[in-house]
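**Student:** Handing you a structure now.
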Amino acid sequence: MKKIFTLALALMGFAGASNAATVDDLEVLKHSYVLVCDDYNNNGTEKIAANSIYGDGFFFTPTGNDCSVKKGVTNLSVVNEADDNHVTAAIAAKYGADYSVDHFNSLRLKNNQDIIVLKVTAKSKIIFFLQGNNKTGTEARIPKLWKGGVGGVQSKADCTDDNALNPKPTAEHPTTDAGFRFEYVADDDMTLWVGSWNGDMFLSYVIVEANEAPGTPSVKVGDQTFEDGLWFREVTCKANPATEEGSTEQIPTIVTYTTDGSAPTAASEVYGGPIKCYKNMTVKFQAFLDLEGGIANKDFICEGADNEAIVTFQFNAPTIGADGANVLISTEYDGQGATNFYSLNGGEATQGNTFTLTESATVSAYTEIKNGSYETFTSKSSTKDVYVLDPIKTKKTIAVTGGDVVEDEEATATSTTGTVYKVENGTISADKKDFFVKNLEFAVVKDAAYQIDGKEAYIKMNQTNITFQVAEGDSVDVVVTCSKNSCKTLNAENDESVTTDRKCYVNVSGKTYGTDDVTAANADGTPGNVIKFGLSAGTWTFQKYSGTGNILISSIEITPASTEGISDLSIETADNGAVYNVAGQKVSEGYKGLVIKNGKKLMAK
């Protein structure tokens with residue numbers, strides 16, 4: 001490999017429309033490159049936003065990519081001699097010294113959804129290491145490739161099965177487990193679009209072995225190192241012999257380099273040893289035939305035999321600790337030019353390490369590392385929700401209390417289903433002392449058949465989070481009333497293609513509660529769009545439940561379970577350990593509230 005270095009920093013941004021990139025912004029991979037797709041080890045890609053460039057400008061996604069863990073690891077120094085679909089001895093010899101740690105297969109490409117785009121030159125080999133959820137045969141999950149550019153795909157919509165470059169896996173395809181390898185050789189200069197066959201797959205590496213010009217020097221960026229009060233990375237270069245067209249004779253080369261981004265010439269400095277870099281920079285190299293005793297001559301330039309080392313520095317995010325309302329920001333770079341900064345709820349950043357909150361907030365933090373007079377680096381950022389809440393002691397009701405329902409003219413202009421409405425200046429009944437509400441969203445229900453008590457405005461459980469606390473030893477009963485169009489396949493009886501039941505669920509701290517049929521009444525006679533359950537002591541958060549889309553909530557009622565006049569009886573003696581809420585419905589295991597047996601209220605432990 002002519003160029004080996006660990007990807008140290010992916011471009012974190014292009015989040016706003018004004019910064020959105022396109023395929024045209026991609027750099028061509030003229031030289032070999034290794035993309036490490038592992039953000040869990042802090043040594044690879046970030047979570048990638050749609051329409052962004054990453055991997056030093058060589059990779060683009062029009063869709064964004066998710067990350068995942070627990071999908072196995074790949075270590076390029078570990079050979080699997082029994083199976084050529086994994087790391088071979090040749091791959092380990094080429095890459096093992098530089099990639100000898102376990103990297104998670106964590107960059108997820110969702111089936112028919114996520115796309116990676118790169119530009120490669122003819123005869124380049126692209127090697128993918130991935131995990132395919134252990135599927136095999138025709139269900140194997142492998143990269144699905146398309147040729148872009150003139151005459152090829154132009155967008156995700158063009159990436160169909162029919163125009164894929166590689167066929168769908170056959171019955172003989174081996175299991176796509178951790179460390180599985182897939183290779184493709186470009187037959188021409190091309191824009192390569194990469195998706196997935198059959199289902200989600202998870203990448204640890206994308207290696208591009210470019211078809212480089214004879215004499216191209218090998219370059220490598222060393223590890224990020226702190227020494228004598230400064231951070232640096234060393235760039236090393238190896239001159240490779242060149243061959244003339246039609247000849248096998250190897251001619252030695254000499255390499256010159258620049259550090260200012262300009263193209264090296266014969267007059268540039270001749271490479272003689274490791275180059276220490278103390279800031280983000282690009283070191284460029286150019287090979288010349290060594291025919292004059294180590295002196296570069298412009299007449300003996302090796303055409304196309306250039307290379308570059310992209311030097312970037314990456315620093316881990318600080319840690320946010322909280323003891324009640326007291327917050328501590330700490331960094332592993334203390335004594336190394338580090339200064340911490342924090343912000344609350346997306347506000348302006350403030351320098352500091354400790355502070356006390358007066359109310360719940362989303363705390364974000366980052367560290368600036370001053371590297372002498374060379375550069376000031378910015379670390380990754382961390383985020384933590386810190387709760388300053390009073391436990392629920394009396395009945396609380398969350399509902400929309402204000403706002404104007406108006407036409408969303410922008411959305412209506414592109415709508416295929418008629419007028420779209422939105423809520424302006426919406427408010428809800430959630431005291432900050434009782435609830436921490438994030439990313440509050442609203443939705444409008446205009447059809448009276450789906451409304452609750454004639455209401456048009458609802459809380460939209462999309463990105464919205466609502467957090468509250470139940471004190472130790474206490475418990476609460478929760479009643480969630482959803483709009484009648486919050487339910488999955490609500491009109492199933494009118495759609496012959498729908499075979500699933502009509503269900504309605506909410507997600508509370510990762511656990512779902514709901515009803516299996518919204519047309520059937522609950523045990524107490526309430527309709528199926530009313531969800532009831534109990535919660536014990538702890539901190540609880542309403543989150544989006546993706547299984548039924550964006551749930552629309554009319555109200556959430558939280559009522560402390562009353563223990564007045566209830567006899568003391570252990571949970572094991574009541575209905576073999578079954579636990580019921582005050583409505584007489586069975587609730588989740590571990591609920592420390594009321595037990596009802598034969599109509600009598602009993603005290604649970």
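The values are calculated or read from the model by the stated rules, or taken from the named source; none is laboratory data. Given the structure is predicted, the values throughout are model-derived calculations rather than measurements. We place every Cβ from the backbone using ideal geometry, glycine too, and count neighbours over all the protein chains shown. With ligands, DNA and RNA removed, areas are computed over all heavy atoms of the protein, side chains included. Shrake-Rupley method; radii C 1.70, N 1.55, O 1.52, S 1.80 Å.
**Student:** Return the total of residues in the stretch 130-139 being open to solvent by less than 70 Å² (accessible area, probe 1.4 Å) and of a type outside the set (S, T, N, Q).
**Tutor:** So the answer is 3.
**Student:** While we're here: Which residue pairs have Cβ atoms closer than 7 Å, lie 6 or more positions apart in sequence or on different chains, and pair a first residue in the stretch 354-383 that is over 18 Å from VAL327 (Cβ atoms) with a second residue that is of a type in the set (A, V, I, L, M, F, W, C) and surrounded by fewer than 16 Cβ atoms within 10 Å (Cβ to Cβ)?
**Tutor:** Pairs found: ASN371/LEU230; GLY372/LEU230.
**Student:** Continuing with this model, one more query. Looking for something open to solvent by less than 70 Å² (accessible area, probe 1.4 Å), touching a Leu at 6+ places or on another chain (Cβ under 8 Å) and either at pLDDT below 95 or more than 27 Å from GLU183 (Cβ to Cβ) (or both) - is there at least one such residue anywhere in the stretch 229-249?
**Tutor:** Yes.
**Student:** Right, next: Suppose we filter the stretch 187-227 for residues that are over 28 Å from ASN280 (Cα atoms) and assigned to a loop (DSSP other than H, G, I, E, B); how many remain?
**Tutor:** Qualifying residue count, the stretch 187-227: 8.
**Student:** Related question: Working carefully through the options LYS123, LYS70, find the one that is on the phi > 0 side of the Ramachandran plot and modelled with pLDDT of 90 or more.
**Tutor:** Result: LYS123 is the single residue among LYS123, LYS70 that is on the phi > 0 side of the Ramachandran plot and modelled with pLDDT of 90 or more.
**Student:** So, one more: Do you know which residues across the stretch 413-430 are touching a residue at least 12 places away in the same chain (Cβ under 8 Å) and either loosely packed, with under 15 Cβ neighbours inside 10 Å or not aliphatic (A, V, I, L, M) (or both)?
**Tutor:** Result: THR419, TYR421, LYS422, GLU424, ASN425, GLY426, THR427, SER429.
**Student:** Only one residue in ILE142, ILE116, ILE126 is closer than 12 Å to TYR205 by Cβ, open to solvent by less than 40 Å² (accessible area, probe 1.4 Å) and not aromatic (Phe, Trp, Tyr), so which one is that?
**Tutor:** After applying the criteria, what remains is ILE126.
**Student:** On to the next question. Given (1) out of contact with any Cys (no Cβ under 8 Å at 6 or more places or on another chain); (2) crowded, with 18+ Cβ neighbours inside 10 Å; (3) at pLDDT below 75, identify the lone condition not met by VAL518.
**Tutor:** Only one criterion is unmet by VAL518, namely (1).
**Student:** Return the residues of the stretch 69-113 that are closer than 13 Å to MET201 by Cβ and open to solvent by 60 Å² or more (accessible area, probe 1.4 Å); say none if nothing qualifies.
**Tutor:** Once the filter is applied, which keeps residues that are closer than 13 Å to MET201 by Cβ and open to solvent by 60 Å² or more (accessible area, probe 1.4 Å), the stretch 69-113 yields ASN112, GLN113.
**Student:** Using beta carbons and a limit of 9 Å, which pairs, at least six apart or on different chains, have the first residue in the stretch 444-468 and at positive phi and the second one crowded, with 21+ Cβ neighbours inside 10 Å?
**Tutor:** ASP453/SER554
**Student:** Something else now. Is one or more of the residues making up the stretch 23-36 at pLDDT 70 or above, of a type in the set (Gly, Ala, Ser) and more than 22 Å from the chain's Cα centre (by Cα)?
**Tutor:** There is at least one residue in the stretch 23-36 that is at pLDDT 70 or above, of a type in the set (Gly, Ala, Ser) and more than 22 Å from the chain's Cα centre (by Cα).
**Student:** When you go through LEU165, LEU130 one by one, which is the residue that is among the aliphatic types (A, V, I, L, M), at pLDDT 90 or above and not in a loop (DSSP other than H, G, I, E, B)?
**Tutor:** Step by step, each of LEU165, LEU130 is checked, and only LEU130 is among the aliphatic types (A, V, I, L, M), at pLDDT 90 or above and not in a loop (DSSP other than H, G, I, E, B).
**Student:** Continuing with the same structure: Within the stretch 260-269, can one find any residue that is of a type in the set (Ser, Thr, Tyr) and under 23 Å from VAL34 (Cα atoms)?
**Tutor:** no
**Student:** Six or more apart or on different chains, Cβ under 9 Å: which pairs go from a residue in the stretch 473-502 that's closer than 17 Å to THR541 by Cα and at pLDDT below 90 to one that's open to solvent by less than 10 Å² (accessible area, probe 1.4 Å) and hydroxyl-bearing (Ser, Thr, Tyr)? Could you list them?
**Tutor:** none
**Student:** Mind checking which residues of the stretch 372-390 are over 30 Å from the mean Cα position of the chain (by Cα) and open to solvent by less than 50 Å² (accessible area, probe 1.4 Å)?
**Tutor:** Result: GLY372, single match.
**Student:** Also, quick follow-up: Residues of the stretch 375-391 being assigned to a strand (DSSP E or B) and of a type in the set (Phe, Trp, Tyr), which ones?
**Tutor:** Selection gives PHE377 alone.
**Student:** Please give the number of the condition VAL150 fails out of (1) in contact (Cβ under 8 Å) with a residue 40 or more places away in the chain; (2) in a loop (DSSP other than H, G, I, E, B); (3) closer than 16 Å to THR22 by Cα.
**Tutor:** Every listed condition holds for VAL150 apart from (1).
**Student:** Which condition breaks for ALA305 when tested against (1) of a type in the set (A, V, I, L, M, F, W, C); (2) under 26 Å from TYR40 (Cα atoms); (3) open to solvent by less than 50 Å² (accessible area, probe 1.4 Å)?
**Tutor:** (2)
**Student:** Still on this structure, please answer the following. Is the stretch 439-447 home to any residue that is at pLDDT below 95, more than 30 Å from THR519 (Cα to Cα) and out of contact with any Cys (no Cβ under 8 Å at 6 or more places or on another chain)?
**Tutor:** Yes; the residues of the stretch 439-447 include at least one that is at pLDDT below 95, more than 30 Å from THR519 (Cα to Cα) and out of contact with any Cys (no Cβ under 8 Å at 6 or more places or on another chain).
**Student:** Please verify whether PHE315 is open to solvent by less than 20 Å² (accessible area, probe 1.4 Å) and in contact with a helix residue (DSSP H, G or I) (Cβ under 6 Å, 6 or more places away or on another chain), treating the condition exactly as stated.
**Tutor:** Considered against the rule, which asks whether it is open to solvent by less than 20 Å² (accessible area, probe 1.4 Å) and in contact with a helix residue (DSSP H, G or I) (Cβ under 6 Å, 6 or more places away or on another chain), PHE315 comes out as no.
**Student:** Of all the residues that make up the stretch 204-216, how many are more than 23 Å from LEU76 (Cα to Cα) and open to solvent by less than 20 Å² (accessible area, probe 1.4 Å)?
**Tutor:** 2
**Student:** Against the condition more than 25 Å from SER77 (Cβ to Cβ), assigned to a loop (DSSP other than H, G, I, E, B) and out of contact with any strand residue (DSSP E or B) (no Cβ under 9 Å at 6 or more places or on another chain), how does SER247 come out, does it pass?
**Tutor:** Yes: the conditions hold for SER247.
**Student:** I want to confirm something. Restricting to the stretch 250-264 and keeping residues that are hydroxyl-bearing (Ser, Thr, Tyr) and surrounded by 13 or more Cβ atoms within 10 Å (Cβ to Cβ), which single residue is nearest to VAL311 (Cα to Cα)?
**Tutor:** Among them, the one singled out is THR259.
**Student:** Further, regarding this structure: Of all residues in the stretch 151-192, count the ones that are open to solvent by less than 50 Å² (accessible area, probe 1.4 Å) and hydrophobic (A, V, I, L, M, F, W, C).
**Tutor:** Here the count works out to 9.
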